[in-house]
Structures are given as C-alpha cells and as structure tokens.
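What follows is a short report on a single structure.
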Amino acid sequence: MSKTRILIIDDHQLLSSGLAMLLCAEKDLEVTGQADRPETALRLAEEQQPDILLLDISLPGRSGLDLLPELLARSPQSRVIMMTMHEEQQYLKKAIEGGAKGFVLKKGGGTDLMYAIRAVMQGDTYIQPSMLADFIKTGEESSEGSPENLSEDEQRWRMLSQREQQIVLGVAKGYTSREMAEGIFLSEKTVATYRSRAMTKLGFESRADLVEFVLRLRKIDI
Amino acid sequence: MPVALISVPAFFRQAVRRVRSVLLSVPLKLKILGLALALILLFGAVTIYKVQAALSENFDAFLQEESRFVATELSYQSHDYLLINDMYGLTQMLRNTVQNRPDLRYVFVRNAEGQVVAHTFEGGFPGDLLEKISGLSPQRSEPRLLRTNEGSIWEAEAGISNGNEGAVVAGVKGDSLRRQIGVITRSLARTTLLVAIFGALLSLGLTWLITRPVTRLLEATRAVRRGDYSVRLDPAESRDELGKLMEGFNAMVGSLVIAEKARLGKEYLQRDFLHRVMAGQEGERKRIARELHDQTGQALASFMVDLKVLENAQSVNDRGQGITRLRKAITEEMEAIHDLAVALRPTVLDDLGLVPAVEMLARNFEKRHRIQVRLNFLGFLDRRLELCLETCVYRIIQEALTNIVKHAQATEVTIFLEGGEKTLRGGVEDNGRGFEPENIDQAKHMGIYGMRERIQLLGGSFHIDSDKGIGAMISFEIPIKQEKCHE
Ligand SMILES: Nc1ncnc2c1ncn2[C@@H]1O[C@H](COP(=O)(O)OP(=O)(O)OP(=O)(O)O)[C@@H](O)[C@H]1O
Ligand SMILES: [Mg+2]
C-alpha cells in the first residue's frame, strides 16, 4: 500500500517542520514538501499532485482561503485540510464553500489533524468538533432564511420588524399616522417613528417609493 | 503713414468714458461738493446771462424813445425862447434838462437857418458833430445812432413849430442805464458766489453726515477682518438706509460671532477627541503590553518550568500527566492571545470582509450578552469594499453594540447593511429604552461623537433616531467610492 502524500503550506517554519516530524512518524504518511509562501505552494502542488494539502489561512500577502480554489484547480485530486488559528465560523463556512474537506484548529496540537487526515482519506469531511455545533446551527439558520432564494424586495421586507411591516402596509393603503395610531393603540409620534425607521431601513425617501414597493410585493391589492 | 481715424461718436464715447472714470474715482465728498457747486454756478451764470440779454434787448429801444421824447418835449419849450430871442435862457433851460436827466448827453437847438443857437457842450460845440448835422427836415425824423469816441449815442431831432423855426436835437447816451445793468449783474454774481459758498458748506456738512456712517462701517469692517468681533454700530446715528445697513452689519457680526464660537467649539471638541483617541490608544497599548508581559510572558515561563519537570520525570505515568497539563495550559494561553488579537483588529475583516466580520461580531455578542441579533445584508454577496469603509462601518457597529449593552437594556437588536451602487447604507436598531441624542454631553461621551466623526471623514451622513418607547436606532449612509483610504 502506498503512503499518503502530504504537502504542508504554512509560513511558520517552526510549526511546519514540527508537523512534518509528527506526520512522518506515522507509517502510512509521507510529507513530500513544505511551502511557506503562496507561489511556492502553487508550484509544488502542481508538481507533486499530493493526496493531501495542509493549508494555513494566514499566509504572507494572501489568504489561504483565496488560494484554495486555485490550488484545487492545479491539483484536482488533492483533498484540502484547512489548518488555522481562527476559530470564527465565517472562516469555516468560507473554507467548506471553497472546497476544503477538513478544518482543524492549530491549537489542537496535531491530534485533531491526525483524525482529519484519516477521515478525509476515507472520503469523509472532518470539522473541528468544537466548531461543529455552531456550524450546524448557522447552516440551519441560513437554510431557513435562505436569503439567496428570496427576491431583493422580499429581503428588504424581512428587514422590517412586525410593527414596521404593519405600519408600512397602513401607509401604503393610505392611512394617516393618526388613523393608524388609533387603530393599534400607539401614540401618533410612535407610529411616525416606526414609519420613518422603516423608510430609513428600506432606503426610501417618499411615500410613493413605499407604495410601489408594497405593490411589487403584492402585499396589498389596488 | 496711416492715420488712426476716430469717428466723432467714438471720440465722444471715449470722452464720456474718461470723464466717467475720473468721476468714479474721486471720493464721495468731492463728488457731492462738485455737484452742488456746479449746479449753483451754472444756475447763476444762466441767470446773469438771461438778465443781461433781456436788458440789452430793451436798452436800444428805450434810448431811442428817450431821445425822441426829450427832443419833442424841448421843441415846445424852446419855441418861446426863440420867439423872444432869449438865447441865454434857452441855454440855461437846456442845461437844467441835461442835468436832471442822467442819460441825456447833450441837447442843441438850431434856428431856421440851421445854425446852432444854443447847446449844452461845456467846451464849445464839437466840430466833428457839426459836420454830421444834416439839413433841417420839416418832419420828425427817426433817431439815428452816432458812433463817437464816448460810445454810441442815439440822436433824435424834433422840429420847432413843425420845423419852421428850427429844431431841437437831443443825444442820449444811456450811461446810467448801463451802469445800472452793471450793478444788477454784479449783485447777481455776488449772490451766486454767496450761494455757492453756502452751498459748498452745506454739501460739505451733508457729505459729512452721509460719509460718517460709511466711514464707521468701513472701520468696523476692517476691525472684523482683523478678527475683532466686538465692534457694534449705533444705527440711531443715521436712521436712513445707512442705518438699516448698520443694523444689517450688526446682525452679520452677531451671526459671525455665533459661527466663530461654534467653529471654536467644534475645533475644541475635535482636538479633545483626538487627544482622547490618542490617550485611548496609549491606554490600549499599555493594556496589551501588560497582558503580553504579565500573562503571556508568565505563561511561557511556566511552560519552561513544566518542560524541565517533564525532562526530569521518572515514570511514564508522570510524563503523560505532565504533558496533558502542559497542553491544556498552552491551549488556554493560545485562546487568550487570540482574543487579544481579535479585540485589537478582527482578522476576519481583512480576510473575509465586512459582512462576515459583522456576522462574527453579532454571534459573539449574542453568546456573550444573550441579546438576540437579527442580521440583514443586502447587495453584498462576497463583495469587498474599500478597507477604510469596512473598518469604519465595523467600528460603528461595534460601538453601537457596546452602547446597547451599556445603556439600552434591550432584548433584541437588528443590524442592517445594504451595499448599493453608490452608497453603503446601514444601521443598528434596538428595542431598549431609547435616549435623547440632543442631551448628550459631548465632552463626556465620545462614542456617538466618534461615530459621527468617522462617518464625516468618509463623506457620509449619520443619523440617530430614538424614541423612548421603541428604542434607539443609529443609521448611516456613506459613499462607496473613497478618494483616499488610509488603510
Ligand atoms: N442604544 C442606546 N440606548 C439608550 N441610550 C443610549 C444608547 N446609545 C447611547 N445612549 C445614550 O447616549 C449616551 C452617549 O453615548 P456615547 O456612546 O456617546 O457615550 P458613552 O457610551 O456614555 O461613553 P463612551 O465614550 O465610552 O462611548 C450614553 O451615555 C447613553 O445615555
Ligand atoms: Mg458608547
């Protein structure tokens, strides 16, 4: 059985040689190269077509996330494991979107990395367990909100609070602030505030804009 | 040689222009004085000319009439004297008449033969006059004009008894009349002169009255230009248009003072803000230095000790425990450093952009404070903006969230950002207790002032919309295109 070939892309030499030592100690793993800058990384990836790319996010001059699609283009067979100090969900999301198969934190100190390599080699995706819960949550949220599928007007509409939506509909139907205030037991001033806030959020300047918007949304009939 | 031909109208126009420019360049005082004098002198001259013309027109007619009248009158009286041949009496009578009539120069009487029998000439009858005597005419002839060395004399002849017994000749010179005309003219000229002097004095007084407020205004304007805003003019000094001007001037200086005060106030605030920003930066550095030294440094030192302990560890068990402990400590330390770095500058902002950075901010905020944050992003989709713009918006949202924690007692926050073609709009809204932005003492609170300052720096607008019942909302709109980004 041939060994899994790994290319390490990290500008911290101490860390990358430490990792190399750690990985080489495994019988089935082999570190074929270490790159400390993006250009070297691209060249080596193309030359070696490694099984696994260990990619740091913070590289000199260019973010590893930026580099990710390009690396995959040069070496399509490779599976990429992001390896970073950043614990923010945004990085994880971006990495997975970019085609990374694994995401581990450097502070895990190598243990997680081993799991990740094994999982990825079997065709799985590995995500740092401490980040997984939040990742699933944001995934749910965005699929629930799924703003990508909504029209711009729909998205704008969702910006408004329930009260604001109520007032906007009232305004579009032609009610005055006073009439609405009486209808929903708020002060006239409060109604006016809701209204002006809705306008600010929507970026409208006139009632006509607002009416047009509501009509486009088909929230009311004419 | 070519001659530059100037047509008459062109020349005239040029002259008018030159006079105009000269008139415009003399001081106001001279203008008014000149005008008054010119008017008075012109009026005087015209009057004198008119009077003289009228008088001399009637002058000759009068002299003719006078000579005829005197000759006729005397012809009746002379008749008796001639009858009794009293030549002495006749001469006396003629002399009396000449003395009583100042314009009468001479009278003489001729007898039927044409010889001069009586006359009023002192030193004998002048010879050249004798030559001019015409023959006796039976009718009354028209007066004739004689040019003599004494001037022109109108002479009339009247026959005695229809010319049968002789004739009386009277010469009228009109000296006294001429003198009188001279007197009138001189008196008119004197009057004109007097009026001119009076007019000059009057116009000087008037110009003083007019120009004094103008001079005051001028001085006051200069003072203001020098930066002395304490000058005020008294409009009661002249209650006309100039008085209005003075009032206007006072009002202008008043608003200048207010504007200047506002400017100084703003300058002070800005300087103060800068000071505090710098002080804040210094404080932040101090905090980081202490953190690095006290926290990170100590931790690293303790790792060294731990490593030494590991080196000396006897059993595999001890070694395993030591390693586990060390790893845990290092992990903790790494987290601390990471937090420190993120607080300083979120790398997400640089690496991924505004939207992910705000998302991160919001998620951390939710976790830490248990306040729900709703996010609305529109028109971004991986779009990156100028870094200074992203940083500005990030810091504003950060400060808004800090304020919400500190002051709002809110349970829900909405953040919205919309990247348009030309502008980036956005805002942070909470459902807390709201506040009155007018009542903020900018000397004590920097947060909102800083937001406004940052946005103004990027040419955007900032707005606070707060209602006691609904909560606060800050919103902003900033141009996407930034001329100079210092980041
Ligand atoms: N979201 C909010 N809800 C209610 N009150 C607020 C809110 N934001 C600001 N305020 C009020 O406005 C004042 C000014 O806020 P600002 O951020 O300028 O200063 P600060 O937060 O008091 O001090 P700092 O200079 O540390 O920011 C606050 O003291 C608070 O009373
Ligand atoms: Mg504040």
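The values are calculated or read from the model by the stated rules, or taken from the named source; none is laboratory data. Since the model is a prediction, treat every value here as computed from it, not as a measurement. All Cβ positions, glycine included, derive from the backbone under ideal geometry; neighbour counts span all protein chains shown. Keep in mind that these areas ignore ligands, DNA and RNA; they rest on the heavy atoms of the full protein, side chains included. Shrake-Rupley method; radii C 1.70, N 1.55, O 1.52, S 1.80 Å.
The table below gives the values:
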quantity: Test for B:Arg384: is it more than 14 Å from B:Val373 (Cβ to Cβ), among the charged types (D, E, K, R) and more than 9 Å from ligand 1 (Cβ to nearest atom); calculated: yes
quantity: Scope region B:386-403; condition of a type in the set (D, E, K, R), open to solvent by 10 Å² or more (accessible area, probe 1.4 Å) and more than 10 Å from ligand 2 (Cβ to nearest atom); matching residues; calculated: B:Glu386, B:Arg395
quantity: B:Glu311 being among the acidic types (Asp, Glu), open to solvent by 30 Å² or more (accessible area, probe 1.4 Å), within 16 Å of ligand 1 (Cβ to nearest atom) and more than 14 Å from chain A (Cβ to nearest Cβ); calculated: no
quantity: Criterion violated by B:Leu206 - all others in (1) aliphatic (A, V, I, L, M); (2) modelled with pLDDT of 85 or more; (3) closer than 30 Å to B:Leu41 by Cα satisfied; calculated: (2)
quantity: Qualifying position, being in contact with a helix residue (DSSP H, G or I) (Cβ under 8 Å, 6 or more places away or on another chain) and at pLDDT below 90, among A:Leu7, A:Leu42, A:Leu15, A:Leu67; calculated: A:Leu15
quantity: Residue in region A:70-80 that is under 26 Å from B:Asn364 (Cα atoms) and in contact with an Asp or Glu (Cβ under 9 Å, 6 or more places away or on another chain) present; calculated: no
quantity: Conditions (1) within 14 Å of chain B (Cβ to nearest Cβ); (2) without any contact (Cβ under 8 Å) to a residue 24 or more places away in the chain; (3) more than 30 Å from B:Lys367 (Cβ to Cβ); number of the one not met by A:Gln90; calculated: (3)
quantity: Per-region count, region B:398-440, residues within 53 Å of the chain's Cα centre (by Cα) and away from ligand 1 (no atom under 12 Å from the Cβ); calculated: 12
quantity: Qualifying residue in region A:75-84 (condition: under 22 Å from B:Thr347 (Cα atoms), within 12 Å of chain B (Cβ to nearest Cβ) and either at pLDDT below 90 or surrounded by fewer than 22 Cβ atoms within 10 Å (Cβ to Cβ) (or both)); calculated: yes
quantity: Test result for B:Phe12, aromatic (Phe, Trp, Tyr), surrounded by 12 or more Cβ atoms within 10 Å (Cβ to Cβ) and assigned to a helix (DSSP H, G or I); calculated: no
